[in-house]
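Peer 1: I have a structure here, written as structure tokens, and I will follow up with some questions on it.
The values are calculated or read from the model by the stated rules, or taken from the named source; none is laboratory data. Because the structure is a prediction, the values reported are computed rather than measured. Virtual Cβ from ideal backbone geometry, glycine too; neighbours counted across all protein chains shown. The accessibility values were calculated without ligands, DNA or RNA, using every heavy atom of the protein model including side chains. Shrake-Rupley method; radii C 1.70, N 1.55, O 1.52, S 1.80 Å.
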Amino acid sequence: MSVLVDRKTRLVVQGITGKEGTFHTSQMTAYGRYVVAGVTPGKGGLKYKGNEKDKLKYEVPIYNSVADAVKLSRANTSVIFVPPAFAADAIIEAAEAGIKTIICITEGIPTSDMVRAYNYIKDKDVHLVGPNCPGVISPGKCKVGIMPAFIHRPGRVGVISRSGTLTYEAVGQLSALKIGQSTCIGIGGDPVIGTRFVDAFKLFADDRDTDGIVMIGEIGGTAEEEAAAWVKKNYKKPVVAFIAGQTAPPGRRMGHAGAIISGGKGTAEEKMKALKAAGITVVKSPADIGITMAEVLGIKVKTKKAAAKKIEKNADKKAVKKGKKTLKKEKKKDKPKHKKKDKKKHKKK
Amino acid sequence: MNIHEYQAKEILKNYGVPIQEGIPVSTATEASEAAKAMKGRGINAWVVKAQIHAGGRGKGTIYHHKERNEVLLHGGVKFTTDLDKLKEYAEKMLGNVLVTHQTGDAGKTIKKVLVAEGLDIEKEYYVGVVLDRVHSQYVIMASTEGGVEIEKVAAEHPEKILKEYVNPSIGFRPYQATRLALALGLEGDIQKNFVKFAVALYNAFVGTDASLFEINPLVITKDKRVVALDAKINLDDNALDRHPALAALRDKDEEDPLEVEASKYNLNYVKLDGNVGCMVNGAGLAMATMDIIKLAGATPANFLDVGGGANPETVENGFKLILSDPNVKAILINIFGGIVRCDRIATGVVQAAKNVKIRVPLIVRLQGTNAIEAKEILRHSGIPMKVADDLADAAQLVVESIKK
């Protein structure tokens, strides 16, 4: 099992014909056949194959509205690539159309827009992930977002993170240690987001195929503290957490709109303390995320140094393989089928 | 984006929020003229207020802009009923440096002062509007503890901060404002005036897509008016596109020059006071890189996120920024290639190194998409650098290179 996205996902891409939308749809179509529709108002009726730079693996029908995509292509999940000024509207449109899982990638949405959108959908039977997030991937099954597929491998660890590339870093460490992932959820770096740590933990709590969770938080807000309180009461499986921004100065926004220590609140120190008090294993160094997960799951890795070497070697191997292939093959490699082949190769060695 | 008090008051006035009247000026002569004009309207007491973005002005100290040990004035907010004294205050403030607990030792140069009416104050309160991240709603906060730091009140007497949450689809309702007024102990005309004030304040907040309003203090005058004596406004950077008039209020002199430079290239840069410059893709990884530098025993000189679309130009501009900080003793580039391909970053590094003289040790760690090709490019470039294999290794190399 996995959460949010899986083999039942039927995806509509809002903003499919834009530059970002096209590129990432080409990547997602390379991952599987779950992309069933796209929405670009005014281009309804078109069969989209991509643009000059990025080709889709298969044709995707375009509609003028999400409602049409739901009615005619039975879409149940949407991913949003529309520009910030229109993104909150896209979220509301998707919810109105009956989409159950909405994943918003767009960065830079005005907070006031998100406050309205969030309060509109909060009582509906809808999961919103993001905005300002890399998306959600259930390796081997379905990838909805912008994360590089090749660093993931199917498995039994869940990942919940406010960050993009730092998530890739953590996933890279896990995969190098042959610890696969059930689902990785990028919850987003904005102050107002649909799925918070607590919500993501609740989803994983119902998933029998997730054995442990990597949680990557950062300065700003109190979502990590809320999650700590919930985990302490309700979640019995191992959790490894890292909080970014231990060295961040107060009052400064560190890239993400939500990453700010304001009025002395939202420091990494406070968060780490709350997480530790909830029985969560907190790592100080971002380099220790993978190895610590291995330890708490009882997976044998000889020494930290050996593990570190392994990470490097595997990453290099993957990179070499990837580099040598043509672009076309590169896309294929992202497919689950090839992932399995990779695994076999590892086993031989 | 932060704006000055006089700009914030102008915005509030436009939305019908009663404010302490005043005239912003840039010279002492203008200050005198402003005060005289106000005298013509029956105002006989004034407050000269230094206009800088930092808080704590009243308790700050004004130093001579050249002789930095010479104290010119205690306090950046001065009350007077004497026109000569007023001119003297303006003279001592303008062009000189105000140091408060928020500015750091460097302080801020005062370019404008606000000549404001002196009010007959009965009592001071606090009113603020801010996003509550737990509820994902805006919250109006009010307290009888006006004029002091609200963070302190929140920490010591949280029960003294009253809150009303706003449902965004119906807005802040007058009954909620009344509830606040009652809880603050306001009665009669003052209560009515407070309700008008608070509703207008919320309208201004929504109308400007602000991220923070602080009226500290809000005062009740002897003649029962409810007036904003001070005003702090933070605007949401993401909403400035639809408010060009507000975007024009940006005062680049109040920002770190390196950060202004960075914003031109769409780079996310925050200057810190350490000695290891770092260039990273992604905000989370950039923070984590700072953290691991610290854990290894050095200190980061900056936060720099080159973003998802990093290209040779971005890298070159990043280098220039980092190197213009004289404290930098080493540079760490940490890229996890996902959508960004490592070989492109490597090409960028090589190209940038040709155009910019890199005078400090360079440590590069590239992982993810096309990392091997990237390492090859770097090895064959002839640029002196150390290539790290992983995060921990990178931090270690940085620390070693500084110690040498």
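Peer 1: Identify which of A:VAL296, A:VAL35, A:VAL66 has the largest mean-square fluctuation in a Gaussian network model of chain A, with springs joining Cα atoms closer than 10 Å.
Peer 2: Top of the fluctuation ranking is A:VAL296.
Peer 1: May I ask which residue of B:VAL270, B:PRO18, A:PRO134 lies farthest towards the positive end of the charge dipole of the protein assembly as shown, with charges of +1 (Lys, Arg) and -1 (Asp, Glu) on Cβ and the Cα centre as origin?
Peer 2: A:PRO134
Peer 1: Could you work out the helix-only [θ] at 222 nm for chain A, with each DSSP H run of four or more residues adding -39,500 (n - 2.57) and the total divided by the number of residues, to the nearest 500 deg cm²/dmol?
Peer 2: -12000 deg cm²/dmol, from helical runs alone.
Peer 1: Nothing charged except the Cβ atoms of Lys and Arg (+1) and of Asp and Glu (-1): what's the magnitude of the dipole of the protein assembly as shown about its Cα centre? Round to the nearest 20 debye.
Peer 2: 5240 debye
Peer 1: Another one. Name the most mobile residue of B:TYR175, B:TYR202, B:TYR138, meaning the one with the largest mean-square fluctuation, in a Gaussian network model of chain B with Cα contacts below 10 Å.
Peer 2: Among B:TYR175, B:TYR202, B:TYR138, the largest mean-square fluctuation in the Gaussian network model of chain B belongs to B:TYR175.
Peer 1: Give me the inter-chain shielding for B:272-285: mean count of other chain Cβ atoms within 10 Å, whole number please.
Peer 2: 5
Peer 1: Relative to the longest principal axis of the C-alpha atoms of chain B, give the angle of the C-alpha long axis of helix B:28-40, reported between 0 and 90° and rounded to the nearest 10°.
Peer 2: For helix B:28-40, the angle is close to 30 degrees.
Peer 1: Calculate the dipole size of chain B relative to its Cα centre from +1 charges on Lys and Arg beta carbons and -1 charges on Asp and Glu beta carbons; express the result in debye to the nearest 20. Don't skip to the answer; put the middle values down first.
Peer 2: Working: 49 positive and 52 negative charges, 81 e Å.
Roughly 380 debye for chain B.
Peer 1: State whether chain A is rounded, prolate or oblate according to the following rule on the C-alpha gyration tensor (a ≥ b ≥ c being the square roots of its eigenvalues): a/c under 1.5 gives rounded; otherwise a/b larger than b/c gives prolate, and the remaining case gives oblate.
Peer 2: Values: a/c = 1.81, a/b = 1.16, b/c = 1.55.
Oblate, since a/c reaches 1.5 and b/c is not below a/b.
Peer 1: Report, to the nearest whole %, how much of the accessible area of segment B:164-234 belongs to carbon and sulfur atoms, 1.4 Å probe, protein only.
Peer 2: 52 percent
Peer 1: Using a loss threshold of 50 Å², tell me which positions in segment B:158-178 are less accessible in the complex than in their chain alone. Probe radius 1.4 Å, ligands and nucleic acids ignored.
Peer 2: B:PRO168
Peer 1: What are the residues of segment B:308-339 that lose 10 Å² or more of accessible area, with a 1.4 Å probe, going from their chain alone to all protein chains?
Peer 2: Residues meeting the cut-off: B:PHE336, B:GLY338, B:ILE339.
Peer 1: To the nearest 10 Å², what's A:TYR235's accessible area with a 1.4 Å probe?
Peer 2: 20 Å²
Peer 1: State the percentage of accessible surface on segment A:1-131 attributable to carbon and sulfur atoms; use a 1.4 Å probe and exclude ligands, DNA and RNA.
Peer 2: 51 percent
Peer 1: Under a Cβ-only charge scheme (Lys and Arg +1, Asp and Glu -1), can you give me the dipole magnitude of chain A about the Cα centre, in debye to the nearest 20? Show your work: numbers first, answer last.
Peer 2: Numbers: 66 positive and 33 negative charges, 594 e Å.
Approximately 2860 debye in magnitude.
Peer 1: Measure nothing fancy, just the Cα-based angle from helix B:342-355's long axis to the longest principal axis of chain B, in degrees from 0 to 90, nearest 10.
Peer 2: Helix B:342-355 sits at roughly 80 degrees to that axis.
Peer 1: Give the cross-link partners of B:LYS108 among the aspartates and glutamates, using a straight C-alpha distance below 12 Å as the criterion and excluding same-chain residues fewer than 8 apart.
Peer 2: The qualifying aspartates and glutamates are B:ASP253, B:GLU254, B:GLU255, B:ASP256.
Peer 1: Follow-up question, since we're still on this one. May I ask you to evaluate 6.51 cos²θ - 1.76 cosθ + 1.60, the Karplus curve with θ = phi - 60°, for each residue of segment B:360-369 and list the ³J(HN,Hα) values in order in whole Hz, giving x for glycine and proline?
Peer 2: Once θ is set to phi - 60°, the couplings for segment B:360-369 become 10, x, 10, 10, 10, 10, 10, 9, x, 3 Hz.
Peer 1: State the antiparallel share, in %, of DSSP beta bridges confined to the protein assembly as shown, rounding to the nearest 5. All intermediate terms of the calculation are to be shown ahead of the outcome.
Peer 2: Values: 65 of 119 bridges.
That works out to approximately 55 percent antiparallel.
Peer 1: What is segment A:40-181's relative contact order, in percent, from Cα pairs under 8 angstrom and six or more apart in sequence?
Peer 2: Reported relative contact order: 15 percent.
Peer 1: With a 1.4 Å probe and all protein chains kept in place, how do B:GLU145, B:GLU67 rank by accessible area, largest first?
Peer 2: Descending order: B:GLU67, B:GLU145.
Peer 1: I've got another one for you. Putting +1 on Lys and Arg Cβ atoms and -1 on Asp and Glu Cβ atoms, find which of B:GLY40, B:ASN234, B:PRO217 reaches farthest to the positive end of the dipole of chain B.
Peer 2: B:GLY40
Peer 1: Hey, if you put +1 on the Cβ of every Lys and Arg and -1 on every Asp and Glu Cβ in segment B:326-404, which of B:ALA346, B:ILE402, B:VAL364 ends up farthest toward the positive end of that dipole?
Peer 2: Working it through, the farthest residue towards the positive pole turns out to be B:ILE402.
Peer 1: Straight-line reach from A:LYS271: which aspartates and glutamates fall under 13 Å, measuring Cα to Cα and dropping same-chain residues less than 8 apart?
Peer 2: Answer for A:LYS271, where 13 Å is the Cα cut-off: A:GLU218, A:GLU224, A:GLU225, A:GLU226, listed by chain and number.
Peer 1: Let me ask something additional. So how exposed is A:LEU4, as accessible area in Å² (1.4 Å probe, rounded to 10)?
Peer 2: Accessible area of A:LEU4: about 30 Å².
Peer 1: Next question. Pairs B:LYS196/B:LYS222; B:LYS13/B:LYS78; B:LYS59/B:LYS196; B:LYS36/B:LYS85; A:LYS233/A:LYS265; A:LYS178/A:LYS232: which exceed 20 Å Cα-Cα? Each step should come with its number before you reach the end.
Peer 2: On the way: B:LYS196/B:LYS222 18 Å; B:LYS13/B:LYS78 23 Å; B:LYS59/B:LYS196 31 Å; B:LYS36/B:LYS85 13 Å; A:LYS233/A:LYS265 24 Å; A:LYS178/A:LYS232 28 Å.
The pairs that break the limit, which is 20 Å between Cα atoms, are B:LYS13/B:LYS78; B:LYS59/B:LYS196; A:LYS233/A:LYS265; A:LYS178/A:LYS232.
Peer 1: Can you pull out the buried accessible area for chains B and A, both sides counted, probe 1.4 Å, rounded to the nearest 100 Å²? Working shown, then result.
Peer 2: Values: alone 19530 and 16240 Å², together 31360 Å².
Chains B and A together bury roughly 4400 Å² of accessible area.
Peer 1: Also, I was wondering about something else. When the helices in chain B are scored as -39500 (n - 2.57) per DSSP H run of 4 or longer and the sum is shared across all residues, what 222 nm value do you end up with, to the nearest 500 deg cm²/dmol?
Peer 2: Details: 13 runs with 146 residues, N = 404.
My calculation for chain B gives -11000 deg cm²/dmol from helical runs alone.
Peer 1: Now a separate question. Taking amide hydrogens as modeled 1.01 Å from N in the peptide plane, which residues meet the under 5 Å criterion relative to A:TYR48, leaving out close sequence neighbours?
Peer 2: A:VAL60, A:ILE62
Peer 1: Below 16 Å, Cα to Cα, which aspartates and glutamates can B:LYS92 reach? Residues fewer than 8 away in the same chain don't count.
Peer 2: B:GLU30, B:GLU67, B:GLU70, B:ASP82, B:ASP84
Peer 1: Now for a separate question. Order B:GLU313, B:GLU33 by their accessible area, 1.4 angstrom probe, all chains in place, largest first.
Peer 2: The ordering from most to least exposed comes out as B:GLU313, B:GLU33.
Peer 1: Can you send over the carbon and sulfur percentage of the accessible area for segment B:13-68, probe radius 1.4 Å, protein chains only?
Peer 2: Result for segment B:13-68: 49 percent of the exposed heavy-atom area is carbon or sulfur.
Peer 1: Here are some pairs, A:LYS122/A:LYS237; B:LYS87/B:LYS111; A:LYS8/A:LYS143; B:LYS232/B:LYS264; which of them have Cα atoms lying more than 22 Å apart in this structure?
Peer 2: Working: A:LYS122/A:LYS237 28 Å; B:LYS87/B:LYS111 15 Å; A:LYS8/A:LYS143 12 Å; B:LYS232/B:LYS264 26 Å.
In this structure, A:LYS122/A:LYS237; B:LYS232/B:LYS264 exceed 22 Å between Cα atoms.
Peer 1: Could I ask something else about it? On average, how much accessible surface per residue is there in the protein assembly as shown, in Å², for a 1.4 Å probe, leaving out ligands, DNA and RNA?
Peer 2: On the way: 31360 Å² over 753 residues.
I get 42 Å² per residue for this part.
Peer 1: What is the average number of partner chain Cβ atoms found within 10 Å of a Cβ in B:48-60?
Peer 2: So the per-residue partner count for this stretch is 0.
Peer 1: Could you run the Karplus curve 6.51 cos²θ - 1.76 cosθ + 1.60 with θ = phi - 60° over segment A:137-153 and give me ³J(HN,Hα) per residue in whole Hz, x for Gly and Pro?
Peer 2: Result, rounded to whole Hz: 10, 10, x, x, 10, 7, 10, 10, x, 10, 6, x, 5, 5, 7, 8, 8.
Peer 1: Here is a further query. Quick query: amide H of A:SER78 versus all other amide H atoms, modeled in the peptide plane; which residues come in under 5 Å with a sequence gap of 5 or more or a different chain?
Peer 2: A:VAL12, A:THR101, A:ILE102, A:ILE103
Peer 1: Same structure again: Cα axis of helix B:174-184 to longest principal axis of chain B: angle in degrees, 0 to 90, nearest 10?
Peer 2: The helix B:174-184 is inclined about 80 degrees to chain B.
Peer 1: Once amide H atoms are built 1.01 Å from N in the peptide plane, which residues 5 or more positions from B:GLY118, or in another chain, come under 5 Å H to H?
Peer 2: The answer is B:ALA45, B:TRP46, B:VAL47.
Peer 1: Looking only at A:LYS233, A:LYS271, A:LYS178, which one moves most when chain A is put into a Gaussian network model with springs between Cα atoms under 10 Å?
Peer 2: In the Gaussian network model the winner is A:LYS233.
Peer 1: Another one. Which whole-Hz ³J(HN,Hα) couplings does segment B:81-94 yield from phi under the Karplus relation 6.51 cos²θ - 1.76 cosθ + 1.60, θ = phi - 60°, glycine and proline marked x?
Peer 2: Working through the residues one at a time gives 10, 10, 5, 5, 4, 4, 5, 4, 4, 4, 4, 5, 7, 5 Hz.
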